[in-house]
1. Apply the Karplus curve 6.51 cos²θ - 1.76 cosθ + 1.60, θ = phi - 60°, to the phi angles in the stretch 50-63 and return the couplings in whole Hz, x for Gly and Pro.
2. For SER171 and ASP40, FRET efficiency with R0 = 41 Å and r from the beta-carbon atoms, rounded to 0.05?
3. At MET163 and THR33, where each label point lies 7 Å from the Cα along Cα→Cβ, what is the point-to-point distance in nanometres?
4. Using mean Cβ contacts within 10 Å as the protection proxy, how do 76-88, 92-104 order, highest first?
5. What nm value, rounded to one decimal, do you get for the distance between GLN184 and TYR152 when each label is placed 7 Å out toward the C-beta?
6. Which links in LYS46/LYS222; LYS159/LYS208; LYS92/LYS216; LYS162/LYS216 stretch past 18 Å when you go from one Cα to the other?
7. Want the number for ALA108 to SER53: 0.36 nm per residue separation, take away the alpha-carbon distance, what's left?
8. Residue by residue through the stretch 77-87, what is 3J(HN,Hα) from phi via Karplus (6.51 cos²θ - 1.76 cosθ + 1.60, θ = phi - 60°)? Round to whole Hz and write x for glycine and proline.
Amino acid sequence: MKRVSIRQCYRVGLYWLLVLLGVPALGLAQTTTIHGVVTDAKTKAKLPFVSVSVPQAAIGTNTDSDGGYTLQVPAQYTSLVFTYLGYRSVAKAFVAGTAQTLDVQLVASAAQLGEVVIKGTKPPRYKNKDNPAVALIRKVIENKAQNRPESYDYVEYEKYEKMTFSFSNLSEKFKNRKVFKNYQFLFKTQDSTAAGGVNILPIYIEEKLSKEYYRKNPEKRKSIA
C-alpha cells in the first residue's frame with residue numbers, strides 16, 4: 001500500500017479549506033477606496049464637516065476643513081450619501097473594487113416662508129401683558145436650549161464683532177491742551193446717539209467678520225476670518 005506523507009495530507013487539507021472558506025473570506029475583505037472634495041454648486045466654495053455615509057451600513061466620515069474626504073467601503077456597497085445642513089442631500093454611485101475619485105457639488109436648499117399680512121392699526125399703549133414683543137422674547141428664552149449650536153450635529157453661520165473705545169464728558173481744559181491744538185476738528189464731530197445723549201469721541205474701532213463652523217461629534221469648532 002502506498003504511504004501518504006503528512007505533508008501531502010496537509011496540502012490536500014489546505015486546498016479544501018481554501019475552496020470552502022478562502023474565497024468568501026477574501027470577498028468579504030475586499031474594500032473600495034473613495035476620495036474626493038465636496039463643494040458648493042454655486043459658489044464653488046469647499047464645504048467642511050459634510051457627512052459622507054454608506055446607505056444601510058454604519059460606515060461614514062466627514063469632510064475636513066478643505067472639503068476633502070477619504071472612505072474605505074466594503075465591496076458589497078456601491079453608493080455614498082452626502083448630507084449637509086442647509087443643502088440638499090445627494091446620493092452618488094461608484095464602481096466597487098476600484099479606487100476612484102468622487103467629487104460632489106451640493107445645492108443649497110431654499111427655505112420658503114409663508115405669506116404674512118400686515119395691517120395698519122393705531123399703536124396701543126406699551127404694556128408687558130399681551131405684548132407681542134414680550135411674548136416673542138419669552139418664546140426665545142423657553143427654546144434657547146434647543147436653539148443652541150450644541151443641539152445640532154452641524155452648524156454654519158457668520159459672526160460679526162465690533163469693538164469701540166471712546167472718550168466721553170471731555171472738559172474744555174482737556175480739549176484746549178497743547179497736544180490737541182491742530183486737532184480741534186475732532187471735538188466737533190462727537191457722537192451723541194450711541195450713548196443716550198452723552199457726547200463721545202471714538203478713538204479706536206475694530207470690526208471682524210468671520211465664518212463659524214461647528215461639528216457636534218466628534219466636537220470641533222473652526223473660525224475663518
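Every number here is computed from the coordinates shown, using simple stated rules; none is lab data. Not measured: the values here are computed from a predicted model. Note that each Cβ is placed from the backbone with ideal geometry, even for glycine, and that neighbours are counted across all protein chains shown.
1. Using θ = phi - 60°, the values come out as 6, 7, 10, 9, 9, x, 6, 8, 7, 10, x, 7, 10, 5 Hz.
2. 0.15
3. So the label points at MET163 and THR33 sit 4.6 nm apart.
4. In descending order of packing, they fall as 76-88, 92-104.
5. The modelled label-to-label distance comes out at 5.5 nm.
6. In this structure, LYS92/LYS216; LYS162/LYS216 exceed 18 Å between Cα atoms.
7. 17.9 nm
8. Once θ is set to phi - 60°, the couplings for the stretch 77-87 become 10, 9, 8, 10, 10, 10, 10, 8, 4, x, 10 Hz.
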